[in-house]
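Right, one structure below, let's go through it.
The values are calculated or read from the model by the stated rules, or taken from the named source; none is laboratory data. If you're wondering where the values come from, they're calculated on a predicted model, not measured in any experiment. For neighbour counting, all protein chains shown are included, and Cβ atoms are generated from backbone atoms with ideal geometry for every residue, glycine included.
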Amino acid sequence: MTEATSPERLLSEAGIARAIDDLADSLAPRLSPDAVAVCLLAGGLWFAADLTRALALRGRPLVFDAIWITSYGDGTRHSGSSTVLAGLQRPVHGRQVLLLDDVLESGQSLEAARRMVLAAGAREVLTAVFAVKPSSRLERRAPDAFAWTAPDRFLVGYGMDAAGAFRTLPWIGALPEV
């Protein structure tokens with residue numbers, strides 16, 4: 001990583017942990033005992049792992065599944081469509097589903113996953129994302145819960161990437177604006 005491409009740090013590991021704890025406190029009472037957590041891969045994996053462990057510590061252990069949806073490819077802008085690479089592996093019929101994703105920007109991936117889970121017979125779908133960008137509030141369905149309001153910048157770290165780079169950073173940053 002060179003100085004020119006180094007992301008600006010926006011949220012530390014400790015800040016992420018506090019946000020996850022607060023979100024788990026607010027979500028735990030809303031979840032039914034049969035709830036299924038469904039992570040949107042690949043970016044949502046870090047958030048889903050931390051949140052589901054925090055929920056288990058609060059007496060809400062969840063069955064886990066994932067949907068692999070891509071909408072950015074190797075770009076830094078949403079492609080305008082979402083492609084499902086892998087769907088649900090577990091039955092959700094008649095159950096509450098908690099959809100988990102890293103960031104709400106266009107909202108297309110989360111909405112595609114929501115429709116897929118409802119079509120599979122979910123009784124109820126709650127959505128939770130780690131970060132919400134201000135511009136996303138005007139265009140798409142708001143998530144039921146979120147942990148952090150992010151600036152309208154291209155985020156990396158904590159599961160978010162730029163063409164595969166920076167995804168494994170333990171903190172959240174933003175790429176320099178060009």
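Output the residue which, of all residues in the range 1-59 that are assigned to a loop (DSSP other than H, G, I, E, B) and polar (S, T, N, Q), is nearest to R115 (Cα to Cα).
S32
Quick grid of which residues meet (1) under 24 Å from P176 (Cβ atoms); (2) surrounded by 13 or more Cβ atoms within 10 Å (Cβ to Cβ); (3) at pLDDT 95 or above:
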residue: E3; (1), (2), (3): yes, no, no
residue: G15; (1), (2), (3): yes, yes, yes
residue: A24; (1), (2), (3): no, yes, yes
residue: L45; (1), (2), (3): no, yes, no
residue: R77; (1), (2), (3): yes, no, no
residue: S81; (1), (2), (3): no, no, no
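Within the range 139-152, identify whether any single residue is buried (at least 22 other Cβ atoms within 10 Å of the Cβ), assigned to a strand (DSSP E or B) and among the polar types (S, T, N, Q), and answer yes or no.
No, the conditions are met nowhere in the range 139-152.
Find all pairs meeting these conditions: Cβ atoms under 9 angstrom apart; at least six residues apart or on different chains; first residue within the range 53-65 and more than 15 Å from L23 (Cα to Cα); second residue among the basic types (K, R) and surrounded by 17 or more Cβ atoms within 10 Å (Cβ to Cβ).
Once the first residue is more than 15 Å from L23 (Cα to Cα) and sits in the range 53-65, its partners that are among the basic types (K, R) and surrounded by 17 or more Cβ atoms within 10 Å (Cβ to Cβ) give V63/R95.
Looking at this structure, is G159 buried (at least 16 other Cβ atoms within 10 Å of the Cβ) and under 25 Å from P61 (Cα atoms)?
yes
Return yes or no: is A162 under 21 Å from S12 (Cβ atoms) and at pLDDT 90 or above?
Against the criterion (under 21 Å from S12 (Cβ atoms) and at pLDDT 90 or above), A162 does not qualify.
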